[in-house]
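First comes the structure, then the notes that go with it.
The values are calculated or read from the model by the stated rules, or taken from the named source; none is laboratory data. Just so it is clear, the model here is predicted, and its values are computed rather than measured. Virtual Cβ from ideal backbone geometry, glycine too; neighbours counted across all protein chains shown. Ligands, DNA and RNA are excluded from the accessible area calculation, which covers all protein heavy atoms including side chains. Shrake-Rupley method; radii C 1.70, N 1.55, O 1.52, S 1.80 Å.
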Amino acid sequence: YQQPYDADPKDPTAQAGVINTRGKSNPAQSESQLKIALSGQPESPALNLALGNLYAAQGRWSEAQQAYFNAYSADPENPDLIFNLAVSLDHLRQTKLAAQYYATALRAASGARAGSFDPAQVRNRLLELQP
């Protein structure tokens, strides 16, 4: 991520990658940097995803859910963003919504954009969530 960031420091994907790479050692600083970057690019899926991932790693699922929802809103066809939103809802015990988003992620991943998640695991989770 450093080379693309050096070429264009305002590229949100490069920013998110660099901040995430550095963030493992100082999550508070990474959170601050992501929020600053988002203030200039609030609809950036990459920056919202990075913030959601940071919150999820800390078990801050409510905040992660909001960041993932912001990322999804900016790129609603991205299966990975939909999946992350589903996982956050699952952790918040909003199982009905989580199931809806898991199903949506599977549909999105079967289209032009493949997801990086395992569809079989998502299908199994959907079965577990059924009443």
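Things to note:
- Candidates in the stretch 1-18 are the residues that are loosely packed, with under 13 Cβ neighbours inside 10 Å and over 21 Å from Tyr72 (Cα atoms); of these, the one that is modelled with the lowest pLDDT is Asp6.
- Qualifying positions in the stretch 19-43 - of a type in the set (Gly, Ala, Ser) and either loosely packed, with under 12 Cβ neighbours inside 10 Å or within 18 Å of Tyr72 (Cβ to Cβ) (or both): Ser25, Ala28, Ser39, Gly40
- Among the residues here, Ala46 does not qualify as small (Gly, Ala, Ser), within 30 Å of Asn124 (Cα to Cα), modelled with pLDDT under 95 and open to solvent by 30 Å² or more (accessible area, probe 1.4 Å).
- Filter result for Glu31 (part of a loop (DSSP other than H, G, I, E, B), closer than 18 Å to Ala14 by Cα and out of contact with any strand residue (DSSP E or B) (no Cβ under 7 Å at 6 or more places or on another chain)): no
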